[in-house]
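Right, one structure below, let's go through it.
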Amino acid sequence: MPNHQILSAFAIEPLAPQTPGGPFQCPDLSILEKRLLKKRVRRIGRFIRLAMLGAVGCLNESGLSPSPERLGVFLGSGLANHGEEKDVIRAVLSDAMPSPTRFANSVSNSVTFFIARALNARGTNMLVSQEEFSFESALMLADMALTVGEMDYALVGGADDLGISAHRTLLKRMDMPDLTPLGEGCGWILLSQGESGSPLGRLLSAEQIRCGDQAPQSTPVEPDRFDLINDKILKARRHGEDVLLLPGLRVDPEEMSALKERIPHSRIETFLNRTGIFSTACACHLAARLRRTENRGLLVHLSRNLFDEMALIILRS
């Protein structure tokens with residue numbers, strides 16, 4: 001089980017829709033950009049700007065200046081540069097010449113290049129896209145890299161930008177109803193394998209849980225997997241420690257209520273009703289939650305994908 005320090009956290013959260021049923025969208029990024037960057041970065045789209053500002057903000061909050069070779073960047077995203085890719089494809093199909101800038105930025109992992117350049121990070125650098133497990137997968141890879149000593153610090157984030165062109169694509173890929181309230185945002189945490197300063201918390205578990213060959217329509221967690229999740233939480237929990245259960249996508253309310261009944265001093269906090277639905281919403285909420293000083297304890301995030309696999313993250317704040 002990992003036990004890496006969380007040294008800082010930073011979130012860019014969406015605002016509530018201006019009209020009922022509308023999308024949850026982040027405020028104007030230019031104000032945050034003026035505060036975080038000495039000079040505006042040109043020739044990047046909104047998604048890259050959103051993710052980059054979150055990463056810069058997270059490292060700034062830590063007050064640290066890690067050795068460039070020992071700082072890695074791991075970003076999870078469901079759609080990544082979807083808008084840039086779509087514009088380039090449209091131009092090519094219409095026999096037009098795509099913008100060179102858009103063409104370069106249509107490569108999805110260009111986002112982590114811009115982040116690494118802004119932070120002078122020369123360690124492992126990658127974009128991870130595993131649909132709604134994108135942030136969870138990025139966290140698992142960062143955990144492994146720290147554990148084997150590949151680096152000393154890992155910036156781990158999740159970001160998704162809800163451009164106009166992404167609405168229909170996101171609904172189709174996530175198999176969500178047409179009226180699903182969508183959202184966008186980003187969340188970042190800085191992990192360390194060593195002891196340094198006063199951490200915001202610790203990463204105790206980041207894993208995917210599979211149990212048998214389940215159909216996508218399967219609903220409740222079968223007893224053996226339910227017991228496995230319950231045991232992992234109880235093993236991580238200190239005596240008398242409060243436990244905050246954070247259900248993500250496709251987690252049945254009844255199974256969360258049943259889990260709550262089995263965990264002493266636990267309660268459920270929903271967040272998708274405040275962020276909207278997007279692939280990395282949990283990153284946004286976890287980072288925001290870590291920054292709060294109230295209700296310290298164990299944070300447990302669970303989500304399920306279309307293949308009935310489950311992701312589990314356990315943090316101590």
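A few remarks follow.
- A single entry from Leu119, Leu155 fulfils the requirement of being within 18 Å of the chain's Cα centre (by Cα), buried (at least 19 other Cβ atoms within 10 Å of the Cβ) and either over 27 Å from Thr275 (Cβ atoms) or in the same structural domain as Leu182 (by TED's automatic domain parsing) (or both): Leu155.
- For Gln5: the one exception among (1) within 21 Å of Ala138 (Cα to Cα); (2) at pLDDT 90 or above; (3) buried (at least 23 other Cβ atoms within 10 Å of the Cβ): (3)
- One residue alone among Leu50, Leu37, Leu64 is closer than 24 Å to Ser134 by Cα and either within 19 Å of the chain's Cα centre (by Cα) or of a type in the set (A, V, I, L, M, F, W, C) (or both), and that residue is Leu50.
- Enumeration of residues in the stretch 237-267 that are free of Cβ contacts under 8 Å to residues at least 24 places away in the same chain and hydroxyl-bearing (Ser, Thr, Tyr): Ser257
- Just so you know, in the stretch 17-34 the residues that are touching a residue at least 24 places away in the same chain (Cβ under 8 Å) and within 19 Å of the chain's Cα centre (by Cα) include one that is surrounded by the most Cβ atoms within 10 Å (Cβ to Cβ), and it is Phe24.
- Among the residues of the stretch 136-152, those that are over 13 Å from Glu69 (Cα atoms) and free of Cβ contacts under 8 Å to residues at least 60 places away in the same chain comprise Met144, Val148.
- Filtered by the rule that a residue be at pLDDT 75 or above, in contact with a helix residue (DSSP H, G or I) (Cβ under 6 Å, 6 or more places away or on another chain) and not in a strand (DSSP E or B), the stretch 181-217 gives Gln193, Leu200.
- Residue within the stretch 14-21 that is in contact with a helix residue (DSSP H, G or I) (Cβ under 7 Å, 6 or more places away or on another chain), assigned by TED's automatic domain parsing to the domain that holds Asn109 and hydrophobic (A, V, I, L, M, F, W, C) present: no
- Listed conditions (1) at pLDDT 95 or above; (2) surrounded by fewer than 15 Cβ atoms within 10 Å (Cβ to Cβ) are all met by His167, apart from (1).
- Among the candidates Ala96, Ala138, Ala121, Ala51, residue that is modelled with pLDDT of 95 or more and assigned to a loop (DSSP other than H, G, I, E, B): Ala121
The values are calculated or read from the model by the stated rules, or taken from the named source; none is laboratory data. Quick caveat: nothing in here was measured; it's all calculated off a predicted structure. For neighbour counting, all protein chains shown are included, and Cβ atoms are generated from backbone atoms with ideal geometry for every residue, glycine included.
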